[in-house]
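Written out below as structure tokens is the structure these notes cover.
The values are calculated or read from the model by the stated rules, or taken from the named source; none is laboratory data. As the structure is a computational prediction, the values presented were derived from the model and not from experiment. No Cβ is skipped: glycine too gets one built from the backbone with ideal geometry, and neighbour counts run over all protein chains shown. Areas reflect the complete protein model, heavy atoms only, side chains present, ligands, DNA and RNA absent. Shrake-Rupley method; radii C 1.70, N 1.55, O 1.52, S 1.80 Å.
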Amino acid sequence: MPDYVVTEEPLQFGEGGRLVGILTLPSMLPRNPHELPVFVILSAGLLHRVGPYRLHVRLARELAPMGFASLRVDLAGTGDSPPRPGLTNRQSVAADFAEILGILDSRLGRLPLVLAGLCSGADNAMTLALSEPRVEGMVLLDPICFPDRTYRTRGIIAKYTNPARYIGWLNRRFKALTRPRAKTQEDDTSVDPLTIRDYPTREQARAAFESIREREGRVLSIFTHYAVGYYNQTGQFGRALGVNGYRQFCTELVWPHVHHTYTL
């Protein structure tokens with residue numbers, strides 16, 4: 001990262017000071033600061049505002065030299081922000097977002113927004129973008145994606161034409177034949193991560209993208225190795241949503257060798 005001084009300020013805001021976040025500001029304002037949106041980096045899952053492996057910190061500090069202010073925030077129930085009892089996840093996120101808008105308006109004025117998030121943060125970004133007209137962009141890291149018409153066919157072909165599948169089977173058979181037999185009990189404790197995500201429906205996601213298009217904004221979606229269980233070809237997101245003009249305002253990337261939490 002180049003030498004560049006940024007201003008970072010911890011904020012405690014909202015009703016009773018229940019939400020905690022870090023506001024990152026560029027040391028030198030751009031020529032037309034009111035034309036640039038503010039990035040709101042939503043927390044992911046149970047991780048707090050720094051993000052996995054300080055991803056959110058790095059993003060905020062890379063955006064500042066470009067002239068962008070950003071707020072990375074602990075949503076209710078994560079990090080230093082206590083939960084909101086009696087509310088569903090979506091109700092809680094909506095209440096958090098209303099208070100995020102309030103603090104940004106008081107500190108920076110009423111500016112356009114870009115919502116950024118990883119995993120559940122991406123899910124929340126799509127849900128919030130639909131209801132807030134100031135959201136002009138989204139950065140979605142491993143968002144939910146829905147199958148298109150040929151998704152299952154591609155999956156079957158990839159599965160049975162992959163040499164690693166047969167090499168792995170031979171290795172397992174060889175090990176089973178050469179090691180002593182012992183009674184073992186299978187204990188499958190794996191959990192499908194999608195079952196614990198409160199992601200938008202296909203219709204809600206489509207409506208969120210259409211709202212960004214109508215506001216003449218842009219969307220960046222990036223899929224990593226994590227998404228291989230529900231995403232298997234570049235362009236699937238756009239085809240599944242069926243949004244008119246998708247390629248004119250959306251960039252869809254696949255980074256198959258990148259870990260979900262961006263360890264490197």
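Tabulate in residue order the Karplus-calculated ³J(HN,Hα) for region 85-100, using 6.51 cos²θ - 1.76 cosθ + 1.60 with θ = phi - 60°, rounded to whole Hz; enter x for Gly and Pro.
x, x, 10, 6, 4, 5, 5, 5, 5, 5, 5, 4, 5, 4, 6, 5
Just how much of E136 is accessible, in Å², when a 1.4 Å probe is used and the result is rounded to the nearest 10?
E136 exposes around 80 Å² with every protein chain in place.
Give me the 1.4 Å probe accessible area per residue for region 4-115, excluding ligands and nucleic acids, in Å².
Working: 5480 Å² over 112 residues.
Averaged over the residues of region 4-115, the accessible area is 49 Å².
R61 accessible area, nearest 10 Å², 1.4 Å probe?
Ignoring ligands and nucleic acids, R61 comes out at about 80 Å².
Taking R0 as 51 Å, what's the FRET efficiency between R179 and L87 from their Cβ-Cβ distance, rounded to 0.05?
0.45
Read phi for every residue in region 119-131 and hand back ³J(HN,Hα) as whole Hz from Karplus 6.51 cos²θ - 1.76 cosθ + 1.60, θ = phi - 60°, with x for Gly and Pro.
Here the 3J(HN,Hα) series is 6, 5, x, 5, 4, 5, 4, 5, 5, 6, 4, 5, 9 Hz.
Probe 1.4 Å, all protein chains in place: accessible area of L141 in Å², nearest 10?
Only protein atoms counted, so the area is about 20 Å².
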